[in-house]
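Note sheet for the following structure.
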Amino acid sequence: MTAAPALEAVDLTRRYQLEGVAVEALRGVSLSIGQGEFAAIIGPSGSGKSTLMHLLGCLDRPTSGQLRVNGVEMSHLTDTQLAELRNKTIGFVFQSFHLLARTTALENVALPLVYRGVGKAERRHRARAALESVGLGHRMEHRPSQMSGGEQQRVAIARALVGRPKVLLADEPTGNLDTRNGAEVMGMLDRLNSERGVAVVLVTHEPEVAEHARRQIHVRDGLIELDTAAEGRGA
Amino acid sequence: MRGRESFGMALEALRVNRLRSALTMLGVIIGVLAVVILVAVGTGAKDAVEKEISGLGTNIILVVPGRLSVGAAPTQSKLSLADVAYVRRVVGDPSKVTVSLQSGETVRVGGTEAFVTIVGTDQNLTNIFDRPVDKGRHLSETDVDTRRRVAVLGSEVADKLFGDLDPIGRQLTISGARFRVVGVYGKVGQTFGVSRDQEVHIPVTTAQRLLGIPRVNGIAVGASGPDEIEPLQSRVVAALADRYPGEQFSAVTQTQLLGTIGSVLGMLTGVLAAIAGISLLVGGVGVSNIMLVSVRERTREIGLRKALGARQRDVLSQFLIEAVLLTTLGGMIGIALGVGGALAIQALTPVPASITWWSVALAFGVSAAVGVFFGVAPARRAGRLDPVIALRAE
């Protein structure tokens, strides 16, 4: 692979001060997610997987270690530059959807483009295309409260895609969905990965969900316990 | 992100929380309303007094014995008609000097009585004061020289004593002496709350004999132009001080009167505006409070926006614009209501109100400034939120 990895972490640690007590959420994690890869980070609650996802998504800064996003070392970036990096390179899908209430699906999807300075007509055009690609062409003007959980998560996926990111970080994307809707959302992530070549990093505690990914990274107590990619390479 | 986008977002946020936005604005609306109305009433009062004073006539100098001061009883007059003649010589133009001797007396026509201000004066009064006659004539030089018992009535006195009858040539009794009405003045209104339409003018010589007083209360001098007022004023005062060594005389001009009263009323208007300004400030504190609540309530929204690429200044400007919109919209509504209220007061009550552009501009500017001042802290808090913590918030 000649291109830089989509995400590359070297010895990441993250320590919190929780009511005066230092909590070590990550204790030295190194991993590399290639362009177009589909990986799952799996672990029980409290394992540090959410902390890892926040770091990979540049929502947080590591206590030590390096993180390169698309080849760019993030520790040298200012908060403003990090915001731009997130906007252009990373798409987020959250367990609880995080759509703006009282705002239409179309406007929700167009929001990342607002912060990129894209004009209104262009925004609507691209948001419409993104909604159509997740099968919600008929729900453009609906508000989150008028849609099912599955539809809301698809709106969130469309929002993650509208900015054409390199990496999509999905934090328990099926956690609030029933089996059927969950399967549909997972199928959509599969397609995105195979058809568009977006690297997908799935964070979950459910082994069945993690099965969708070709690579599983098991996290426990702030360390990588098992990485199937490393195994494969080792074999 | 462009300014227009932040503006749209802020407007949308206010629209979504209509009731809360309206209640928050209410504080600013009341503050601005109070500023506009109170300044309008204060300015109206000042205008009204200034109009009354300039309604007296132009370029007038009033000469009275003693020192002119508020609160002290007026000095017992030493001025006599001889002094009036002396002042006439000093001034040079005798027709520009008139005299006044006032006393409250009862006048009677048949069974009807009225308590009026008797003013002993002379034929020169109308050369100095604006006092047109409605019917009949003014006092004449002969009336004064021959101590005629003739009277010119203020319009209210004429109405009260004679009703629909034409008073000219009719008799009336002042302190037991009979007088003939030779004229009725046109309506002139009040000066300092005293109606000048309740005066009865008689020749000053007749008044001295009737009242048994050899003095006069005051002398009024008319200057030929605004530039003449001050030199003439000092000349008259100096001349009188010469004639009566050790005595004090005061001369006030309309301009000085206007200045004194204007500054008192201006101060009053300022105090009113300051009190109203405090309520505007309280309204601003309300805005700050609501914005803090709003930031807390929308913590997850802020976290999401940041995750999607909103920079600190994007979030800050969104909330700051929201606060400023709240106060400026409130300001505009307050101005509309204040102007409407002032016009209503003007139309429906005797209180004069006069809207000044500066109070409107000031109220608007202050409400916008209040928005910035009280919006900055909540907006900064929003801008600085840590996205990870914000996203987790419930």
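Taking 0.36 nm per residue of sequence separation and removing the Cα-Cα distance, the A:Arg61/A:Ala4 pair yields an extension gain of 18.4 nm.
Put simply, the amide H of B:Gly186, placed in the peptide plane, has neighbours under 5 Å in B:Val133, B:Asp134, leaving out anything fewer than 5 places away on its chain. Shielding by partners for B:309-315, please: the mean number of other protein chain Cβ atoms within 10 Å of each residue's Cβ. Averaged over the peptide's residues, the number is 6. Rounded to the nearest whole Hz, the Karplus-based 3J(HN,Hα) values (6.51 cos²θ - 1.76 cosθ + 1.60, θ = phi - 60°) of region B:355-365 follow the sequence 6, 10, 4, 5, 5, 5, 5, 5, 4, 5, x, with x at glycine and proline. About its Cα centre, the dipole of region B:76-247 is roughly 600 debye, where the only charges are +1 on Lys and Arg Cβ and -1 on Asp and Glu Cβ.
For the Cα trace of region B:350-394, dividing Rg by the Kirkwood Rh returns an Rg/Rh value of 1.42. Relative to its Kirkwood radius, the Cα radius of gyration of the protein assembly as shown gives an Rg/Rh of 1.37. Across region B:76-247, counting alpha-carbon atoms alone, Rg and Dmax equal 16.6, 53 Å. With the charge dipole of chain A set up from +1 on Lys and Arg Cβ and -1 on Asp and Glu Cβ about the Cα centre, the Cα lying farthest toward the positive end among the listed residues A:Val10, A:Gly34, A:Met147 is that of A:Met147.
Residues of B:379-388, mean number of Cβ from any other protein chain within 10 Å of their own Cβ, rounded to a whole number? Each step should come with its number before you reach the end.
Values: counts 0, 0, 0, 0, 1, 1, 0, 2, 9, 9.
Mean inter-chain Cβ contacts per residue within 10 Å come to 2.
Phi angles across region B:98-103 convert, under the Karplus curve 6.51 cos²θ - 1.76 cosθ + 1.60 with θ = phi - 60°, into 3J(HN,Hα) values of 10, 9, 9, 9, 10, 7 Hz, Gly and Pro given as x. If I build a Gaussian network model for chain B, linking alpha-carbon pairs within less than 10 angstrom, which residue out of B:Ala48, B:Ala85, B:Ala307 has the largest mean-square fluctuation? Checking each option, the largest mean-square fluctuation is seen for B:Ala307.
For peptide B:294-307, compute the average count of partner chain beta-carbon atoms within 10 Å of each residue's beta-carbon.
On the way: counts 0, 0, 0, 0, 1, 0, 4, 5, 0, 3, 10, 7, 7, 14.
The per-residue average across the peptide is 4.
In a simple Cβ point-charge model (Lys, Arg +1; Asp, Glu -1; nothing else charged), the protein assembly as shown has a dipole of about 440 debye relative to its Cα centre.
Since only A:Gly65, B:Gln208, B:Val351 are under comparison, the one whose Cα sits farthest along the positive direction of the charge dipole of the protein assembly as shown, derived from C-beta charges on Lys, Arg, Asp and Glu, is B:Gln208.
When the C-alpha to C-alpha distance is required to be over 22 Å, the pairs from A:Lys120/A:Lys166; A:Lys88/B:Lys306; B:Lys96/B:Lys135 that qualify are A:Lys120/A:Lys166; B:Lys96/B:Lys135.
A short reminder: the numbers here are calculations on the coordinates, not readings from a lab. Quick caveat, the model's predicted, so the values are computed rather than measured. Reconstructed Cβ throughout: ideal geometry from the backbone, glycine too, with neighbour counts over all protein chains shown.
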